[in-house]
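S.K.: To start, I am sharing the structure in question, which I have written as structure tokens.
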Amino acid sequence: MDKPHKKLTWLRIGLGALGAALLLGGLYNGEYAVTLNKAIRVCLECIGIG
Amino acid sequence: MAKGSGLPFKRKCIQLAAALIYNANIKGFQDATIYQGKLKGMCVPGLNCYSCPGASFSCPLGTLQNALSSIRYRIPMYIFGIIILFGLLFGRIICGFLCPFGLLQELLHKIPVPKIKKSRATRWLSCLKYIILVVFVLYIPLYIGISKGMPVPAFCKYICPAGTLEGGLPLVAGNKSLQALIGGLFSWKVFLLILIVFSAIVLYRSFCRFLCPLGAIYALFSKISIMGIKVDEGRCTGCNACVRHCKMDIKKVGDRECIQCGECREVCPTDAICFKKFKEKEEKCNEEA
């Protein structure tokens, strides 16, 4: 593998690990429930009323 | 050979399938209510308002703004993780294949009226979406969230035409109590929606090109995304047929303005454009690609 490709692969691995860690951290922190709680109510701002 | 590969038709089918999956709660349109099941905690990659009666999942942009608004109480990790993973895996392929609002604009652009072609002015205007990202998606929700502890999803509130079209109009049409609440903000959003619809008829994907902050986020991943389009430099003759054929404001195939739709493959005389494969080590396109 040439040098730029190696760099890109490592960047992808690093970002993938960061993304997965943030996602799992968020799930652990109960952010899924927070997102759900917001999404199951009509967002008045989104529809131009709030 | 890429020519006659049927990619535009396949792409439309994927776009339609994505739109239907995102909005699978058909019952919501009948009784003007929104889906309240557990799936709503998950985000889809494309722009799709979670207040749409059909929406079965959350919008990543709405979730991001709400998470930033409540940064005083909780550091948002979940949505950052989702956006990084979507961006890394798909990049702007999401814009080209998985965005219902993109599909709608493409269909509107098929209306046979004189079109405005891309130019230096549209290239400049394409920078506007990065400003909208910084001001409406990041700064205002963060600032008001930190200073007043109030959630203000500014992009959704003042700009998002998907929210007006998918959420506002069907909910207001079917709900008398919401009809009593409409005011100046609703009129502004309907006006903006009409403007965007008409502009999409004459300007290809005008909202995506000039205003969409989600596209601006995914554009940051264009160079590093695992899936997407690539150019085999060994085969490319630099004829620029791809750039001339493309209706987006690209300078070259695969740059931040490229929505990775792959339609330029049809016009490349040397078949130098192909989709990246998952496990590849070289920047070359295979014969069958």
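The values are calculated or read from the model by the stated rules, or taken from the named source; none is laboratory data. Just so you know, these numbers come straight off a predicted model, no measurement behind them. Positions of Cβ are backbone-derived with ideal geometry, glycine not excepted, and every protein chain shown enters the neighbour counts.
S.K.: Hey, could you check the stretch B:35-80 for residues that are in a helix (DSSP H, G or I) and β-branched (V, I, T) and say which is farthest from the other protein chains (Cβ to nearest Cβ)?
M.R.: B:I79
S.K.: Then there's this: Please pick out the residue among B:V197, B:V190, B:V172, B:V137 that is free of Cβ contacts under 8 Å to residues at least 40 places away in the same chain and touching a Leu at 6+ places or on another chain (Cβ under 7 Å).
M.R.: None of the other options fit; the residue is B:V172.
S.K.: Filter the stretch B:173-186 down to the residues that are assigned to a helix (DSSP H, G or I) and at the interface with chain A (Cβ under 7 Å from one of its Cβ atoms) and list them by number.
M.R.: Once the filter is applied, which keeps residues that are assigned to a helix (DSSP H, G or I) and at the interface with chain A (Cβ under 7 Å from one of its Cβ atoms), the stretch B:173-186 yields B:L178, B:L185, B:F186.
S.K.: Right, something else. Specify which of the listed residues (B:F221, B:F186) is closer than 22 Å to B:R265 by Cα and aromatic (F, W, Y).
M.R.: Matching residue, one of B:F221, B:F186: B:F221.
S.K.: A follow-up question, please. Could you pull out the residue among B:K3, B:K38 that is surrounded by fewer than 15 Cβ atoms within 10 Å (Cβ to Cβ), closer than 20 Å to A:L23 by Cβ and at pLDDT below 95?
M.R.: B:K38
S.K.: Can you find, within the stretch B:158-193, the residue that is surrounded by the fewest Cβ atoms within 10 Å (Cβ to Cβ) among those that are small (G, A, S) and within 17 Å of the chain's Cα centre (by Cα)?
M.R.: Top of the filtered list is B:A162.
S.K.: Condition test on B:G96, is it part of a helix (DSSP H, G or I), surrounded by fewer than 24 Cβ atoms within 10 Å (Cβ to Cβ) and at pLDDT 95 or above?
M.R.: In short, no.
S.K.: Restricting attention to the stretch A:6-23, does a residue exist that is part of a helix (DSSP H, G or I), of a type in the set (A, V, I, L, M), closer than 18 Å to B:L68 by Cα and at pLDDT 95 or above?
M.R.: Checked against the condition, which is being part of a helix (DSSP H, G or I), of a type in the set (A, V, I, L, M), closer than 18 Å to B:L68 by Cα and at pLDDT 95 or above, the stretch A:6-23 yields at least one hit.
S.K.: Right, next: With (1) surrounded by 21 or more Cβ atoms within 10 Å (Cβ to Cβ); (2) in a helix (DSSP H, G or I); (3) modelled with pLDDT of 95 or more as the list, and B:I14 as the residue in question, which single condition is left unmet?
M.R.: Only one criterion is unmet by B:I14, namely (1).
S.K.: Among the listed residues B:I111, B:I93, B:I83, identify the single one that is within 22 Å of B:I14 (Cβ to Cβ), away from chain A (no Cβ under 12 Å), of a type outside the set (G, A, S) and in contact (Cβ under 8 Å) with a residue 24 or more places away in the chain.
M.R.: Testing whether each residue is within 22 Å of B:I14 (Cβ to Cβ), away from chain A (no Cβ under 12 Å), of a type outside the set (G, A, S) and in contact (Cβ under 8 Å) with a residue 24 or more places away in the chain leaves just B:I93.
S.K.: Being aromatic (F, W, Y) and either within 16 Å of B:L211 (Cα to Cα) or touching a residue at least 60 places away in the same chain (Cβ under 8 Å) (or both) is the filter here, so list the residues in the stretch B:140-163 that pass it.
M.R.: Residues satisfying the conditions are B:F155, B:Y158.
S.K.: Name the residue, out of B:V152, B:V137, that is within 14 Å of chain A (Cβ to nearest Cβ), surrounded by 21 or more Cβ atoms within 10 Å (Cβ to Cβ) and not in a helix (DSSP H, G or I).
M.R.: After ruling out the rest, the residue left standing is B:V152.
S.K.: Sticking with this one: If B:Y204 meets every condition in (1) within 12 Å of another protein chain (Cβ to nearest Cβ); (2) under 21 Å from B:C99 (Cβ atoms) apart from one, which number is that one?
M.R.: B:Y204 satisfies all of (1) within 12 Å of another protein chain (Cβ to nearest Cβ); (2) under 21 Å from B:C99 (Cβ atoms) except (1).
S.K.: Against the definition (buried (at least 16 other Cβ atoms within 10 Å of the Cβ) and assigned to a loop (DSSP other than H, G, I, E, B)), how does A:G48 come out, yes or no?
M.R.: Against the criterion (buried (at least 16 other Cβ atoms within 10 Å of the Cβ) and assigned to a loop (DSSP other than H, G, I, E, B)), A:G48 qualifies.
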